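Reading through the structure tokens given below for one structure.
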Amino acid sequence: MAGWAIAVHGGAGVDPNLPADRQEEAKQLLTRCLNLGIDALRSSLSAIDVVELVVRELETDPLFNSGRGSALTENGTVEMEASIMDGSGRRCGAVSGLTTVKNPISLARLVMDKSPHSYLAFSGAEKFAKQMSPIHMNGLPISIYAPETVGCVVVDSEGRCAAATSTGGLLNKRMGRIGDSPLIGAGTYAGELCGVSCTGEGEAIIRGTLAREVGAVMEYKGLGLQEAVDFVIKERLDEGKAGLIAVSNTGEVAYGFNCVGMFRGCATENGFMEVGIWE
């Protein structure tokens, strides 16, 4: 095995006029989350544990559009969604329509681990959360600034891949709208070969089953990770704008986007580390 690798994102499609202090804040948060994941990987935490840990940190900070930073719907309410997938055995969990759960990604993990289902939504997901003692319920202080979705992908030193994605959804979205983030194969996918988390125009990502497509072209076309990411961004988005981060089971890390910037960071066991926003 080539060792562990990790990547994080805080959304694609960045305002080109984003103030410099906001850019710096975003880079600092991404760096902090990367270092959290690196420390966990060095402590031999499994890939699935690391993606949950890192996305929880991203949800808890109000800077990006997930958890505390979630965008508001047309009614001024919050409808958060998230999904998580363990490439070992292709186990997954997803949630939508959450209004009072502090860390949607951890509820998605509990759906995967503690329920017979893969996906729970709205009142059913909230009821399940109340039955699960580790989940914290609260009234969230909401910030209006909401760039985009957050995500993390990890391959651990044993070659196990995992992916996790969490979002507050579109600003001013119609009530009940579900995007790509909680949809396995669209916003999130992990299998034996790779782990992928997407961000951008949800409807375009759903139509292109973007996350699964990366694994599919690696498997069926024999492409390498970065080749697969580039192919999918170029050939599967039609007119849509999006980005994604990915890791492979051999310790590679890759990302791609076709829009103005993507908040992102990545690191590998051999000491490589990068945090960026623009091309």
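Quick notes on this structure:
- Among Arg160, Arg42, Arg264: highest mean-square fluctuation, GNM of the chain, C-alpha pairs under 10 Å: Arg42
- Net charge of Cβ neighbours under 14 Å - reference Thr31; Lys, Arg +1; Asp, Glu -1: -3
- Selected from Gly179, Gly87, Gly240 as most flexible by GNM, with the chain as the system and alpha-carbon contacts under 10 Å: Gly240
- Cβ-defined net charge surrounding Gly185, 13 Å radius [Lys, Arg +1; Asp, Glu -1]: +2
- Taking the chain as a Gaussian network of alpha-carbon nodes connected by springs under 10 Å, the highest mean-square fluctuation of the residues Ala40, Ala211, Ala163 belongs to Ala40.
- GluC sites (Glu not before Pro) within segment 177-276: DSSP coil, no more than 10 neighbouring Cβ in 10 Å: Glu239
- Dipole of the chain computed with +1 at Lys/Arg Cβ and -1 at Asp/Glu Cβ about the Cα centre; of Ser96, Gly168, Ala186, farthest Cα towards the positive end is Ser96.
- Extension reserve of the Glu74-Arg32 stretch, reckoned as 0.36 nm per residue once the Cα distance is removed: 11.9 nm
- Efficiency of FRET from Cβ geometry, Glu252 and Asp39, R₀ 30 Å, rounded to 0.05: 0.90
- Surrounding net charge for Gln131, when Lys and Arg each add one and Asp and Glu each subtract one, Cβ distance under 15 Å: +2
- Protein heavy-atom surface of segment 5-268, 1.4 angstrom probe: 49% of the accessible area is carbon and sulfur, with nucleic acids and ligands not counted.
- Within the chain, helix-based [θ] at 222 nm, where runs of 4 or more DSSP H residues each add -39,500 (n - 2.57), nearest 500: -10000 deg cm²/dmol
- Efficiency of FRET from Cβ geometry, Lys127 and Glu203, R₀ 30 Å, rounded to 0.05: 0.55
- Per residue accessible area in Å² of the chain, where ligands, DNA and RNA are left out and the probe is 1.4 Å: 40 Å²
The values are calculated or read from the model by the stated rules, or taken from the named source; none is laboratory data. These numbers come from a predicted model, not from an experiment. FYI the Cβ positions are ideal-geometry reconstructions off the backbone, even for glycines, and counts take in every protein chain you see. Protein only, heavy atoms only, side chains kept; ligands, DNA and RNA dropped before computing areas. Shrake-Rupley method; radii C 1.70, N 1.55, O 1.52, S 1.80 Å.
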